[in-house]
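What follows is calculated from the coordinates using simple rules that are stated; it is not laboratory data. Remember, predicted model here, so these are calculated numbers, not experimental data. Don't worry about glycine lacking a Cβ; one is built from the backbone with ideal geometry, like all the others, and counts go over all protein chains shown.
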Amino acid sequence: MMDAAQTAERIRAAHAATRAQRAEGLAYARAWRVRNKAKFDALYPQPPHSCRCTTCGQWVLASESVQ
């Protein structure tokens, strides 16, 4: 039977392994997003920026004149 110190050490080792796996997975996901950014930007272009009209409060495209 294990004593409390051995049990605590096993738990710490398991948590360290879990943290390492999580960090590895996050690094892979970040690299995947960087590699595939151009493809997704082509599929889903950014919508035109909009702003709120100061007179009526309606959302209008920033390219339109808001006066």
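Normalised by the number of residues in the chain, the mean separation of alpha-carbon contacts (under 8 Å, six or more apart) gives a relative contact order of 15 percent. Return one quarter of the surface area of the convex hull spanned by the alpha-carbon atoms of the chain, equal to its mean projected area, in nm². Computed as one quarter of the Cα hull surface, the answer is 9.7 nm². Using 0.36 nm per residue and subtracting the Cα-Cα separation, the extra length available between R30 and T55 on full extension is 4.7 nm. Since only Q46, W32, H15 are under comparison, the one whose Cα sits farthest along the positive direction of the charge dipole of the chain, derived from C-beta charges on Lys, Arg, Asp and Glu, is W32.
In this Cβ point-charge picture (+1 for Lys and Arg, -1 for Asp and Glu), the chain has a dipole of about 180 debye about its Cα centre.
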